[in-house]
Structure formats: structure tokens, C-alpha cells
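Q: Right, I'll just put the structure down here and ask away after.
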Amino acid sequence: MNGNKVHEIITGLSIFIEQKGITKEYKTYDKVKVYLKDITDEEIEKWLDTGNAMDKAAAYGIQNEFCVHVEKIEGNYTTALGLPTHIVYDIIKEYISK
């Protein structure tokens with residue numbers, strides 16, 4: 001992604017809730033834009049040497065040491081992590097209080 005300053009992460013979400021024998025399904029998604037700084041070849045090699053790139057979509061996670069290469073994000077941070085907790089909460093909050 002070096003040279004591509006911005007990319008979009010789309011995180012899908014499907015929640016099934018069963019209450020009193022009735023099941024309801026919620027399907028939705030959220031988007032976040034991630035803006036990266038310029039990254040040198042040396043920085044890329046250093047990142048790859050950590051091994052942390054190998055188990056992540058797009059080969060990085062903004063929650064670890066790669067975060068120094070992120071200029072900014074537009075959208076919810078938890079969406080970039082892979083679970084938009086703000087949406088999960090909005091869906092389940094009506095069931096929590098019952």
C-alpha cells in the first residue's frame with residue numbers, strides 16, 4: 001500500500017438475537033478511511049521483520065507499532081480494528097435493558 005495514501009476498510013456485521021422464541025437478524029457494515037504517511041523501504045522491512053504483518057488484513061494493524069505510520073483515520077476506530085462496537089451497542093442496547 002506504500003504510495004497509496006488512503007484506503008478504505010469496510011467491516012461487515014451480522015448479529016442474531018433470540019428473545020422469547022423470536023429470532024431477529026441484523027446485517028450491516030461500517031466504513032473507515034485510513035490515511036498513511038510515506039513509509040521508507042527500510043521502515044517496511046523493519047515492519048515485515050516483526051512478523052506482525054502476516055496475520056492481518058492489509059498486512060498491518062493500527063493498534064500496534066504500525067500506528068506510527070498512520071496519519072489519521074476518518075470514521076470509528078473500532079471499525080478499523082474489525083468490530084464496530086458502536087454499532088453492536090446500538091443494536092443490542094434495547095435488549096440489554098429488558
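Values quoted throughout were computed directly from the atomic coordinates according to the rules given, and no laboratory measurement underlies them. As the structure is a prediction and not an experimental result, all values here were calculated from the model. As a convention, Cβ positions derive from the backbone with ideal geometry for all residues, glycine included, and neighbour counts pool all protein chains shown.
Q: Within the bounds of region 17-26, is there any residue that is in contact with a helix residue (DSSP H, G or I) (Cβ under 7 Å, 6 or more places away or on another chain) and surrounded by 12 or more Cβ atoms within 10 Å (Cβ to Cβ)?
A: Within region 17-26, one or more residues are in contact with a helix residue (DSSP H, G or I) (Cβ under 7 Å, 6 or more places away or on another chain) and surrounded by 12 or more Cβ atoms within 10 Å (Cβ to Cβ).
Q: Ok, one more. Condition (residue is among the hydroxyl-bearing types (Ser, Thr, Tyr), over 15 Å from Thr11 (Cα atoms) and out of contact with any helix residue (DSSP H, G or I) (no Cβ under 6 Å at 6 or more places or on another chain)) applied to region 52-60: is it met by at least one residue?
A: no
Q: Within region 1-48, how many residues are assigned to a strand (DSSP E or B) and of a type in the set (Lys, Arg)?
A: Selection size over region 1-48: 4.
Q: If you don't mind, there's one more thing I want to ask. Among the residues of region 76-98 satisfying the criterion of being without any contact (Cβ under 8 Å) to a residue 60 or more places away in the chain and part of a loop (DSSP other than H, G, I, E, B), which is farthest from Thr28 (Cα to Cα)?
A: Ranking the qualifying residues of region 76-98, first place goes to Ser97.
Q: When the residues of region 73-98 are filtered to those that are aliphatic (A, V, I, L, M) and over 17 Å from the mean Cα position of the chain (by Cα), which remaining residue is farthest from Ile15 (Cα to Cα)?
A: Ile96
Q: Anything in region 2-30 that is touching a residue at least 24 places away in the same chain (Cβ under 8 Å), in contact with a strand residue (DSSP E or B) (Cβ under 7 Å, 6 or more places away or on another chain) and more than 17 Å from Thr79 (Cα to Cα)? List them, or say none.
A: Scanning region 2-30 gives Lys5, Ile17.
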